[in-house]
Every structure is written in structure tokens, then in C-alpha cells.
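This report concerns only the one structure given below.
The values are calculated or read from the model by the stated rules, or taken from the named source; none is laboratory data. Every value quoted in this text rests on a predicted model; they were computed, and no experiment measured them. Heads up, the Cβs are rebuilt from the backbone with ideal geometry, glycines too, and the neighbour counts pull from every protein chain shown. Note: areas computed on protein heavy atoms with side chains; ligands, DNA, RNA excluded. Shrake-Rupley method; radii C 1.70, N 1.55, O 1.52, S 1.80 Å.
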Amino acid sequence: MTQSTSNSSLINEFDLEKVSDVVSKATFFKMTSSCKSKGQKNAMLTLEYLYYVRHECSSRKFYGGSAAEGTNLEDCDIDYMIVDSNITACKERDQAKNIEGQFFILDTSVCRPGFARLIPVKLDPNIKTIFNDHGKTIADMLETIERDKTFLSNDKIVDLLMDFLRKTKTADTPTKTSRHGPSATAANIDTYGLIKKRLGASLKRDYAFGITLYEWPIEGYEWINRKRKYEWPSPEFIEKITKLKCHVVAVGDKMSPTSSLEWRVSFLLQERELVWNFNNTQLQCFILMKNILKKFLHPIAPEELSSYHMKTILLWQSENNAQHLWQPKNLLRCTINCLLFLKHCIEKRYLEHYIDRRKNLFSYRFENHIFKENMIKCIDEF
């Protein structure tokens with residue numbers, strides 16, 4: 001009996017490896033590969049540089065999400081982060097003397113981990129910002145509460161972005177706008193198929209406004225210095241990533257009474273660099289997880305899980321498993337491991353942010369017991 005069970009297990013494992021190889025090849029040619037991801041990286045960095053030059057170094061546009069990483073499914077949105085070169089935020093007031101332009105201090109005294117309010121310290125009306133192009137100044141974006149406390153309002157900035165997008169005509173169709181987290185979303189039709197490569201396809205662009213941090217936030221130090229059993233990412237790659245700027249984006253903690261005045265710390269540049277460093281199997285596992293999310297998990301509870309959660313699962317699994325595991329014959333095994341980890345996080349209602357471990361990405365999620373149990377049941381079926 002024991003021998004029979006052992007043989008059956010070996011056969012199943014062998015079959016899994018054969019199927020994994022087939023799925024890996026199919027995914028490589030049809031959906032994603034490190035070649036595609038690196039090609040997308042080069043394209044994005046080129047477009048970002050051209051934008052920076054065209055705007056005379058006064059602002060930057062960074063591409064984020066699946067479209068930037070080369071892991072996009074057919075109907076993905078396009079994400080942008082707009083950053084003004086003349087606005088900076090930092091945690092120390094005395095650093096203002098080293099910075100030209102508008103300067104804000106991060107106030108985390110009443111905020112949950114990963115959020116901060118921005119206190120104006122140095123505002124120079126003679127230095128133009130992106131707001132001047134829309135008939136406003138940065139002072140118009142401030143809000144005073146309790147008579148004497150003034151902060152930069154994320155609501156006012158997103159409202160300005162939405163107003164700008166309403167007046168913008170893209171692909172010869174009217175633009176519908178909405179707010180999605182830190183982003184002002186523009187939705188219209190890709191009439192000529194210039195972007196989606198399909199005539200009349202629905203097209204969404206998410207614009208988030210970000211402010212550059214003077215230095216890495218202290219929350220990121222643990223990620224830089226943590227001990228890694230399998231040395232992923234490598235020490236050399238970690239050093240490279242620490243040279244990239246961090247940002248805060250215009251969205252607050254939705255459960256905070258001062259949510260409209262809070263800003264969320266963003267590691268967009270670091271996270272996309274990590275995905276660009278994935279090998280073929282890691283990227284294909286990411287694609288499989290996103291397809292499972294879209295086709296099976298979203299119909300159960302569309303607001304509970306996102307592709308960002310899938311990315312976080314992949315990042316943790318990449319760090320906590322030996323790199324030799326990530327090869328084509330193990331693709332389905334890696335996907336199963338990711339699903340098991342996802343199931344565990346849903347059960348505990350706790351998923352650590354990959355860089356800032358103080359942040360629980362499942363805060364306020366899976367509070368509905370039925371949704372939670374149905375999601376776990378669906379994962380078990382895999």
C-alpha cells in the first residue's frame with residue numbers, strides 16, 4: 001500500500017512537470033517572458049525620458065502596473081504617476097535648506113503605517129509647479145483644519161486632475177472621469193485601435209499625482225537590511241534599487257478621519273524593477289495567478305483581491321524559495337505554492353506589504369465571512 005501510494009505520487013509529480021513544461025512554452029509565446037518584460041522596460045524608460053525632456057525637466061511621468069511591467073492581460077488599464085520636479089517631501093525640517101522649490105514635511109503622528117500628512121515648510125510662489133499650468137498655485141491645494149494646522153490636500157489635487165481630464169479629448173471620443181484610489185481615471189473608446197490594437201476597445205488611463213521623497217522612508221530600511229535565506233534579490237540588485245526614488249501619492253487611509261489630507265508611501269519604481277528582474281517562470285506564474293484572479297476569484301468578491309495582491313504574493317514567494325525552483329518544469333508547482341500562501345493570508349486576513357512590512361494589505365478586507373469562506377473554497381478546488 002505504501003509502495004503504491006509512493007509510485008502514484010511520483011507519477012503525479014512527473015505528470016505535473018510535463019504539463020508545466022507545456023504551459024510554460026505556451027505562455028512564453030502567447031503572453032509573457034523575460035524578453036517581453038525587458039523590452040517593455042526599455043520602452044517605458046525611453047518614453048519617460050522623452051516626457052521629461054519635452055517638459056523641460058519640470059515634471060516626470062512614470063508608468064506603473066501591468067502595462068509597464070510587461071505582464072498585462074488583454075483588458076488591463078494604463079497607469080501613470082505624474083511627479084513635479086519642484087516639489088519634495090522629507091521627514092526632517094532642516095533638510096529644506098538643501099532643496100530648491102516647494103518643500104513639505106512628512107507628519108505621521110496620527111496616521112497608520114504607510115501614510116503621512118504633508119505640512120508646508122517652504123513654498124516659493126516664484127517657482128512654477130504643474131498646478132500653474134491649470135490656473136492654480138500649490139497654495140490653492142492646501143487645507144487648514146483646527147484653525148492653525150495646514151496640510152496638502154489629496155482631494156483637491158485629484159479633483160484638479162479629473163477636471164483636466166474632462167476637458168481632454170482622447171482618440172476623438174468624450175472622456176468619462178472617475179476616482180479610483182489615488183488616481184483620476186479617464187475612460188473612453190480607442191476608436192482607431194492605436195493603443196489596444198482593437199477597433200473600438202474600451203480604454204482606461206489612471207493618473208496618480210506623486211511627490212518625490214528626499215530620501216528613502218525609514219519604513220523601507222528593514223527591506224534593505226533584512227536577512228534573506230536564498231539571496232533574492234541579490235545584494236547587488238538591492239543596492240541598485242535603493243538608488244531609486246520613493247514617493248507619496250495622493251490618497252489617504254479610507255478609515256481615517258483625516259483621509260483627505262493623507263498621502264500613501266509608494267515604492268512604484270522599486271516594485272516594477274523587481275518584476276523586470278523576474279525570470280520566465282516567475283513572470284508566467286504571475287500571469288497564471290492574474291488569470292485565476294480574473295476568471296475565478298473576482299466573480300466571488302471583485303473588491304477583495306487585486307493584481308497588486310498577486311504581485312505581492314509572487315514577491316514573497318520569490319524571496320522565500322530557492323531560485324532553482326523557478327524553472328519551467330515547476331511552473332504549476334510554483335503556482336500551487338502561491339495559491340496556498342494566498343489562502344493562508346486570506347484565512348489570517350493578513351498580507352504584509354513586501355517592502356514596508358508594517359502595512360497589512362488585507363486591512364478592512366474579507367470582513368464578510370461568506371466572501372472569505374467562498375474564496376478559500378475556490379482556492380482549495382485548485
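A few points about this structure:
- No other residue among S260, S256 is touching a residue at least 40 places away in the same chain (Cβ under 8 Å), of a type in the set (S, T, N, Q) and surrounded by 17 or more Cβ atoms within 10 Å (Cβ to Cβ) apart from S260.
- Residues located in the stretch 96-128, provided they are touching a residue at least 60 places away in the same chain (Cβ under 8 Å) and buried (at least 18 other Cβ atoms within 10 Å of the Cβ): F104, L106, C111, G114, F115, A116, R117, L118
- Test for Y214: is it over 16 Å from the mean Cα position of the chain (by Cα), surrounded by 14 or more Cβ atoms within 10 Å (Cβ to Cβ) and aromatic (F, W, Y): yes
- Any hit, the stretch 61-79, residues being part of a strand (DSSP E or B) and among the polar types (S, T, N, Q): no
- Scanning the stretch 263-292 for residues that are open to solvent by 20 Å² or more (accessible area, probe 1.4 Å) and in a loop (DSSP other than H, G, I, E, B) turns up N277, N279.
- Any chance G220 is at pLDDT below 95, open to solvent by less than 20 Å² (accessible area, probe 1.4 Å), in a helix (DSSP H, G or I) and farther than 19 Å from I157 by Cα: yes
- Residue within the stretch 44-64 that is in contact (Cβ under 8 Å) with a residue 40 or more places away in the chain and within 21 Å of K294 (Cβ to Cβ) present: yes
- Taking the stretch 293-321 as the range and being of a type in the set (A, V, I, L, M, F, W, C), open to solvent by 20 Å² or more (accessible area, probe 1.4 Å) and within 21 Å of S20 (Cβ to Cβ) as the test, only F296 passes.
- Considering the stretch 133-178, and only residues there that are at pLDDT 90 or above and among the polar types (S, T, N, Q), the residue that is surrounded by the most Cβ atoms within 10 Å (Cβ to Cβ) turns out to be N154.
- Just one of the numbered conditions (1) over 29 Å from M255 (Cα atoms); (2) modelled with pLDDT of 95 or more; (3) touching a helix residue (DSSP H, G or I) at 6+ places or on another chain (Cβ under 9 Å) is not true of S33: (2).
- In the stretch 281-305, the residues that are free of Cβ contacts under 8 Å to residues at least 24 places away in the same chain form Cβ pairs under 7 Å with partners that are part of a helix (DSSP H, G or I) and among the hydrophobic types (A, V, I, L, M, F, W, C), at six or more places apart or across chains, as follows: L293/M310.
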